[in-house]
Structures are given as structure tokens and as C-alpha cells.
1. Evaluate the stretch C:98-144: find the radius of gyration of its Cα atoms, find its Kirkwood radius, and give the ratio Rg to Rh.
2. Expressed as a rounded percentage, what relative contact order does chain C have, with Cα pairs under 8 Å and six or more residues apart?
3. Helix A:230-240 sits at what angle to the longest principal axis of chain A, using alpha carbons and giving 0 to 90 degrees rounded to 10?
4. What percentages make up the Cα-Cα pair-distance distribution of the stretch A:243-288 when the bins are 5 Å wide from 0?
5. With each run of n ≥ 4 DSSP H residues scored as -39500 (n - 2.57), what mean residue ellipticity at 222 nm is computed for the protein assembly as shown after dividing by its residue count and rounding to the nearest 500 deg cm²/dmol?
6. Checking the a/c ratio against 1.5 first, then a/b against b/c, what shape does the Cα gyration tensor give for chain D?
7. Which single residue of chain B puts its beta carbon nearest to the axis of rotation relating B to D, and what distance, in whole Å, does that give?
8. What average number of partner chain Cβ atoms lie no more than 10 Å from the Cβ of the residues making up A:130-139?
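The values are calculated or read from the model by the stated rules, or taken from the named source; none is laboratory data. Since the model is a prediction, treat every value here as computed from it, not as a measurement. Ideal geometry is used to build each Cβ from the backbone, glycine not excepted, and the neighbour counts take in all protein chains shown. Only protein heavy atoms, including side chains, enter the accessible area calculation; ligands, DNA and RNA are left aside. Shrake-Rupley method; radii C 1.70, N 1.55, O 1.52, S 1.80 Å.
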Number of protein chains: 4
Amino acid sequence: MTTVEANVSGPLTPEQQAEIDALRAESRATLRATVPELESILFEALPVLDHGFIRVVDYMGDDAAVVQAARVSYGRGTKRARDDQGLINYLMRNWHTSPFEMCEIKLHVKLPIFVARQWVRHRMANLNEYSARYSILDNEFYLPDREQLRAQSTENRQGRGDLIGDDEAARVLEVLREDALRAYAHYEELLNEGADGEPVDADRQGLARELARMNLSLNFYTQWYWKVDLHNLMHFLRLRADAHAQYEIRAYADVLAEQVLKRWVPMTASAFENYRLGAVQLSARGLEVVRRMLAGEQVAREGSGISPAEWRELMATFGRE
Amino acid sequence: MTTVEANVSGPLTPEQQAEIDALRAESRATLRATVPELESILFEALPVLDHGFIRVVDYMGDDAAVVQAARVSYGRGTKRARDDQGLINYLMRNWHTSPFEMCEIKLHVKLPIFVARQWVRHRMANLNEYSARYSILDNEFYLPDREQLRAQSTENRQGRGDLIGDDEAARVLEVLREDALRAYAHYEELLNEGADGEPVDADRQGLARELARMNLSLNFYTQWYWKVDLHNLMHFLRLRADAHAQYEIRAYADVLAEQVLKRWVPMTASAFENYRLGAVQLSARGLEVVRRMLAGEQVAREGSGISPAEWRELMATFGRE
Amino acid sequence: MTTVEANVSGPLTPEQQAEIDALRAESRATLRATVPELESILFEALPVLDHGFIRVVDYMGDDAAVVQAARVSYGRGTKRARDDQGLINYLMRNWHTSPFEMCEIKLHVKLPIFVARQWVRHRMANLNEYSARYSILDNEFYLPDREQLRAQSTENRQGRGDLIGDDEAARVLEVLREDALRAYAHYEELLNEGADGEPVDADRQGLARELARMNLSLNFYTQWYWKVDLHNLMHFLRLRADAHAQYEIRAYADVLAEQVLKRWVPMTASAFENYRLGAVQLSARGLEVVRRMLAGEQVAREGSGISPAEWRELMATFGRE
Amino acid sequence: MTTVEANVSGPLTPEQQAEIDALRAESRATLRATVPELESILFEALPVLDHGFIRVVDYMGDDAAVVQAARVSYGRGTKRARDDQGLINYLMRNWHTSPFEMCEIKLHVKLPIFVARQWVRHRMANLNEYSARYSILDNEFYLPDREQLRAQSTENRQGRGDLIGDDEAARVLEVLREDALRAYAHYEELLNEGADGEPVDADRQGLARELARMNLSLNFYTQWYWKVDLHNLMHFLRLRADAHAQYEIRAYADVLAEQVLKRWVPMTASAFENYRLGAVQLSARGLEVVRRMLAGEQVAREGSGISPAEWRELMATFGRE
């Protein structure tokens, strides 16, 4: 068991950082495609939230692999010159997703359990999680920043809205911190297992790990390896780097979008921003409205077949509040 | 082996139709949700192309099942009244796809092999195909309608363009028909197997079915059971009922969209039309252009960061050629 | 918020039971296959653990649908008579899995969060979970039976072994119960939301639901709809009704195997028991050993290429300790 | 269009081989895990059947990545020393499949269309196929070796049995060859497109590629990129390197098992042979019989609950005919 002061460490211990340094010191020769920009951060821990991180631990393919799959090598009909960025834009715009599936990335992620529960809804990925049946979880839990302590949103049934007041915020943090510390202390008591694997209290047998863990709360950190192809990574980012996603998972999505995707596949990342992240979808009825407005007509919501909420969103999208 | 005149039958033999009639004659009691509109065509063969069909053979769930999944029964926070169509629209608009996965449909489909090859690219479905290792394929092959005999498109690297001339069309049909008839006759010769399972020519052993089939061409019909959830069915329809899909698979998608989806889940079908089939996606740069045009600006392609092809498409979408 | 005494209720409230009774009172006509044995428990809550349940809320297909898919209707080569149980045995024995994918079942499950975390590792299924971003979780948490309070297994790195003593057991239950009650009381305090949706304490705004939930521990109950095909259901059961699975998820698997699978598809359930649940796999080296033993040879582990642990397991399997 | 003599070439043209040589000439530095044994054949075409090949074009991970995922880095509970082969054996034996999903391989495969149709039934993989809507297929088709020209099996409803006689074999090859050559000549005629993309016959428009291809038979070659994780690759091999698989797809599976898997992940390949390829599964009833035989009992099929076919297989497995 850890004897260090709980919940004050950075994401990595000195031993873990040394292990990473050792991995980064050893270069090998390969005939495969490499991405030097991504290799420059390989194995490094990119910090997320108070104790979490994302580490890229392996990858396969690059922008050129997407292009190659789209052209399917040796296909005569598509050999005409077309620049790679143009082809990637075309694929993204027309939802030709399979070429993006030819690239793969493997991450080591440390994240709060309630974030992990949202994350696994993305089923088209491979996962190996740290097992609390075999092993003892660390005393690390998530406490939100002051800036994130917000009330339930009034516009949006899910999600957070206004900042709560200082007194209430202080009380929230006190509750979260004390309950987590107590939960972990009790977890250790239930386990009754010292760092040497021997009982702390020789008169007790200790509870099985798979049972004791149930006393921990959802803000404790877990970790896993997560491997996903580029198409499914972008699908994850489209949903989780979105303003409607919960802040805590968005923090991970943002690091992936900004620090990983752009380094790994810059052309794909550029197309992704234009055709996915910054794009909007217009319903058939919304399109009809915009066409009429462009033709100079004054269009009213009444008779458009569009609900008030969707109308507000439509007008906001086109800067016509 | 069939001794009937090849390739002249409708999609079903009298025996098959009698089997369907028998299935439709027997009603049972259930506590499950039922959809009388869909039951009205259950087991019936909906014709597609010259010898193909789609038959709905089972289904599970309805529009209400989508709503129920979205509200997750007993969830207090979402009980406020909201009409079902409005909720389904909301789900579709915001890509909340999992409630649509709660409905399932099972089809029996007869289709040309080259269509089957496109169809299986949709992996999130269950499939049992008629096996030409065990069984002998029927002498039925697809011949396009005169209206479908078109040249390679000049605008679009894939797909067909102008109608070809009458003489050339006649020759095309002659080639396709003669080659298919010969291929089937040779298939029968290679198999050397009579309707009684005995050799036709007692001096030959006959070739294994799994080998003999390789002589058949890609326009021969196969058949399968295909089971898919409502979300993945709509994904299939969005890609295959699209103008860029090959006509032959679109013929199947159109029957599914018009004759099956609307009967089964009318509210979902309505939302699907508005938010998917008739919807357009606007890239970040495209959105910027439309916003500026709505603000009264004259916008030129130059400097917009949009390619000529995408610009033409954008202007056409908004009726601004 | 619930004001009822926490954690003492059965799995359903009287209102929920009334809702189920209403659902069961209304029968409809269908042309689809029905399974009267399964209809007899449709919608009913089958209790699991102290507050959990499994409810079958919809299904599609039966044993005959498996047979039909295997024969692929109208396939001439496979029409020879063969009894259905024999065909199902053949499919199961030879890992022909796709016909079993033609049946589908939809469940409503209430389960502790730590069980839910194991359950979702089965990705080939559809899921809609009660959202604690939208809604407020109930004050219900899992406390193990006395019989389940066991120490870490000494033979098996994961899993539980011997019963712990009475005093320690009493302390475990006290810790789990008090921590959970306190966590929920604090959850309510953080939310600051009355049954009417108004603040309890008018001076505080209350914390967003998506944040407050992080204070709950992993033994709190959640609920979801889970839809899965018969093949993947059996895969789940093979892994989770196994002696190596954690007791708490096994409790769900056992109810599914005994009370659901056998009612729904009795022939498939029988084949599943013989060819999966009760079956053993013999490695190439293990097979060699058994062959030699059957030939009357005395076989020693040394030289067999089999590890001591695997050898013990092999001997135990064949009753040769 | 190709003007070379049809169907006489090896798997690669000189231009293609030169492209491969160029790829193999350029080495890069990487921090990722590399597998020199696999790099030694990277990009090279491993011949299969008469014109097919398998080329490994990229890979990610090695045996150590499986081990690392199983231990999930930094997990304290599993740090005790255990040799890597032992851990991999343990994972394979106990169907802990997720660590094997952490490795990925990407292949370029050239294969007859009827083989491709079986291959795609493995849905858990990524695929980009050469498109005959965009491009023109080559004049290459599969003709079986003399040794493969066999009659329908009499024991097994699918599959091939005895060699057919010389005269019949000669006729089979004549039919297959002439029909394929004619089909391709007609394909070219329908397309009416020269190597320069201009019409061969200026009086005709030529038929769209997506239509003309339907005249080709199922033994023509197609090609694709196929990317799959190690777990799903082994699942493919277990089914397709099996004696019940059709010879032609088995030819591909054998090359993958022998020439690729063993080079890439030798420890996993060894465990795969012992616990999958060479393993047998024993039903509950079969196990009971073997136990009784080991105890010295004479056991008769009657009363065992085992069918005659399964009994014969059981006795053969244990060398007790």
C-alpha cells in the first residue's frame, strides 16, 4: 500500500518517469511508416485533470496510410494526381470512413472511474483495465477545480450551468475530499494488507480485493490501455470534445484532439476540424429556411415545421438572433 | 436441379408463396409490443430488381421502444411530458443513437452477388447466407433494365452517366444473358447432379459444389437472412439510399426506406427523413460563407479556403448557382 | 428525492409492480414466433442480490429461428430430415455461431455499479443506462450476504477464498453500510434538490448532478436496458456463469442461464450446457497425455511439456488426483 | 487495359516488385517495439494459390505488448515474476482474449472473389477493397491445381472428397478457363476502354464499370487491405486453417499461421498451436465417457447420450477406434 501523502502527487512517480525515460532512450530501426512528431511525445504522460494523464504508447500508420487505402494500391482508375490533403478532405466530407480505419493508436490513460464509465460506451476499441480484483487501487481521487463547481444547468437537463458561491464550493470540496479519504482509509482497513502483502492486523484475515473495492467512490482514478483506430478515435472526439459532453471527459478529448491527433495525422486533423468539429448539420426543413432567407425572404418559424428550440439553434448557427 | 425455364420466374415459386400464406394464416397471442402496419406485410416478398425480394420475417420493438430507452424507465429526471415525436426528433438531431439500437428487424433478402458484396460492408448486422458449398444455386441472374444501361459517368469517377445507344444496349444484354446462361449450364455440367441427387452422366463423379460455383458470374442471385438494429439499418439507408450509391443496391435501400421503415417506426422514419436523408452537412468554412451571404455580403470562392468542387456543391445546395 | 427508509425495499416499489401488472394484462395478436414459456415471465422482475433484478422486456426468435437460419430457407441441399435438437447440437459443437445470432433478447437490469463495470466489457450488445447526469440515483446499495464475506483467495490471485470471522464480518458490514449511507446523505446535500425539484436549502444553488454523483460508491445500484443476441448472450454466460467470475456478476448470469435461457430456447440451452458450460478444452499436449493413459500407459508430468498448475487441473478434470 | 498474356503472370509485375524493393530499402528510427523477424518479410509478397499473395504492410505490437496489457503497467498485484511464455499460455488457456487485442497487423491480400466472400464473414476487422466501380479489374482468375479437383464429399455435406478422374478433370479446367477468358473478353468489350482511357470502338460509349463487372465470374481475383488485431486474426485462423474450411481460404490461413504469425509473435503462436489449433473440446457427456474409460470401465455408446457421429469422432480423438 502507498504510504505517501494521499492525493498530492503529480500524475507520475519518479520511478514511473524513470521507466519512461528508459523507454525513450532506446531507438530501433524499422521499415514501417513513422511519424517523428508523434515519436517526440511517445510514452510521455500528458497531464489531464488533477491526477490523470494520457500516454501514447504505440501507433500504426499516418496520413499517407489513409491515402494509400483510399487509392488501394495498384488500382489503375484512381492513379490520377490529386494532392493528399484534397483526397483526405474528400473522404472526410463524403463519410468514406474505411480508409481512416487503417491507422491505429494505443494509449495508456489514467482517469476517474465516472469518466471511465462514459468512455467505455465507445465499444469499437480494445481495452485492458487495471484490475481491482487482482490489485490494490492507489489513493488518488479527482477533486474538481473551483471553476468547475457549477449548479445544474437550467437550459439543459443534463450538464452544469452557473458557478456556485464560494461558501457552497468550499463545502462541496470538503465533503468530496473527506468522504474520499475516509473511503480509502476504510478500503485499506478492509483489505488489512501491508506493503509486504502481510496482514496489518494479525487478528484479521482481510476482505477479498474484489469486495473491498466497492467502498471506493466514483471519483477514484483507474487506468487502462485503450487501442482504437483513427476513424473511431475521431468519432469519440466528435462526441466527447463537444460542448455537450461532461467537462471531465472533454478534458481528455481536448488533449487527444490538440496534442495527439494533430501530431499524428496533421492532414486528417485539419479535415476533421473543418468537416466535423466545426461543421453543422442542417435538417431538410432547416435547409429550406436558409435557402428562402438567402433568396431574400423574411422567414418566420410558424409554418416552418421547426420546433422553437431547434429554431433558436438554427438562427444562432447562422448569426441571426 | 431446376428444370423450369431459366430466369423468367417472378421472385417466388408457387410453393414458396403457399408457405408464406400458411405462415400468415396463423396468429398468436403475445404481451410484446406489436406493429400492425408491419404485420400486414410480414413474410410477404417485396419485389426488387428482376428476381430479387425483401421479406420482413421478424421484428422487435417500435417507436415506443425508442422513447422508453431514451427515458430509461423509472428515471425520475426525465419524466416531464414531452411528446414522443419531439423526443425522437431530439435524439436523431443530436446523434443520440443508442435508443434506436433497442429495435431489431430480421429480413430475408434475395439479391445479386455483386450487390451482396457491397451490402456486407455493413458489419454491424447478423447474417446467414445460402451456402453454395452445401447447396446448388438457382438459375437466376440479374439483367439490368434498358433504362439502367449507362456509360461511365464523366463527372464522377465511380457511377454511371448517360444512357448508351440502342444497338450497344442490345449487345450488352445479349452478352450478359448468353454468358450467364452458359455459365449456369456449365455449372450444372460440372456438378453432374440430377434433381434426385444422382449423377446425370454415370461416367463422371461430378465436381464438388464449393468448386463448381466459381464458374458463376457476379450477377447470379444469392439469398440470406439479415438481422440489424434500427440504428444500423438507418446508417445503411443513409449510405445506400443515396444518389452516389450504385443503382442496384439503392433499389433495395429504397424498398426498405419506403415500404418497411415507414410501416415499422413511422415517427423514427419521419425524423430520419428530415435529419438524415434530406439533411446536409455544412463544413466550418461552408458555414462561414453562408453566414456572410446571409449578412448581405457578396462572397467569392477565392479566399474562402473551399475547393471548386465543394464550392459548386455548396452553391447548388443553397440554390445559388 | 426518496424519503423512504433507505436500502430496505425489495427490488420494486408498489408503483413499479402495478406498471408491470398493467403491461401483463394486455395481450396482442402477432404473426411472429412466440415463446409462451418466456411470455409467462415477461416484464416480471427476477430478483438478484439484495436490491437487483433482471426483467425480460422483449425478445425475438426461438429455437426454430436458429434452425431456420442454419437451413437458410429454400436451400435445397440441406432439406433432408434431421431433428432440430440434433441440428442445434451440431451447430454448437462445431462453433457455427451465426444462426444463434438470429435471436435477440432485451433485458431491464438493476445492478451494482461495480458489476455494471464488468458487464460492459461485453461489447457486442446494445445498452441504455439510467443517466445520473439527467436524473438522481436512488438510495440503494449492495451489501454482501454474510456467506459472501470472504478473504482474498490464496490459490487464485483474483477471487475470494475462506469465510472471514464473525467479528471482522460485522465490522465490514458496518463500514460498508455507514459509508454508503453517509455518501448518499452527502449526495443529497450537494444536490440540494427536493422532490419538487426546488432547493431544500434556499441559500444554496446545489451542485450539478453530473458532479454530485462522483461521491457515490461503487456498490450503489444503477439500471439499464441491455439487448443482446443469443450467441453473445451465451458467450456472456460462458464467462460469467463460470466459477472464476466474481460472485456478484455470477448471480446475474445464473438467473439468466436458469430462468431465462431455458424458458426461451430450451433446445439451445440444453446444447449450451453440454457443449459449453459443462465442456472442457483439452490442449494438444493434454490430449496426448490422455490418449497415452487410455492406452494403459503410466504418464508422468515430467517430459509432458505441461506446467504443474495445468497438470493438476488436467488430472482433476479426469478424476485422477 | 492489360495487353499482357492473360493469367500467366506470377503474383507481381516487375513494376510492383520494384516498388516493394524501394520500400524495403528505406529504414527509419522509431521508439516503438519492433519485430526484426517480421520486418525481414515486410512488404514482400508471400504467394498463395496461382495468382494470389499476402503482403504484411504494417504491424503494431509484439509478444511483449500482450504481456504488458495483461499485467497492466504499474499494477502492483501482478508484479510477481512469471515468465512471459507462461503468462501467454495462461491467457490463451483461460480465454483471456483482450490482451491479444493490443496487437494489430495490416495485410495486402490478393484473392479470388469466392474466397473474399468467405473472408468478410469475419467482421471484426478493417477492410479497403479495390473498387471495380472506379477501376478495371485485371485479367487474372483462379484455376485449381489438378490435386484439388475433387468430387463432393460423401461423408460431409459440404466440402470435397475423392479426386475426380483425368478426363473429367481436363474438362473441368477447360470449362473454367474458357468461360473465364470469354467473360473477361466480354468485360473488356462492354467497357470499350483502351489503356489510354479512350474508347476502343469510337462508335460505342462503353458500359459503366460498376455494371460491366457483373459479367466476371467468382474465380477472378480481387485485392484489399485487411487490418485485424491479433485476437481476431487467431479466431480467423482457428476457423480457416481448419480441415473443414474450403481448401482455397485454408491456403491463405496456412500462410498466415506459418509464415506470418510465427515470425510476428512466436510465443503467442506457440500457445495458439497447443491451446487452439491442436486442442479438442470435450462435451460434458464426452468428458464423462473418458473419465469412466480412464477408470477402467468398458463404456458403450448406448446410454451415453452421445450421437453416433459424435461418438465416432470422440473415439477417433482418443485413438480408440
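1. 1.04
2. This gives 22 percent for chain C.
3. Approximately 80 degrees, to the nearest ten.
4. The calculated distribution, bin by bin, is 5, 18, 20, 20, 17, 9, 8, 3.
5. Per the formula, -11000 deg cm²/dmol.
6. oblate
7. Taking Cβ atoms only, the nearest residue and its distance are B:R123, 2.
8. So the per-residue partner count for this stretch is 6.
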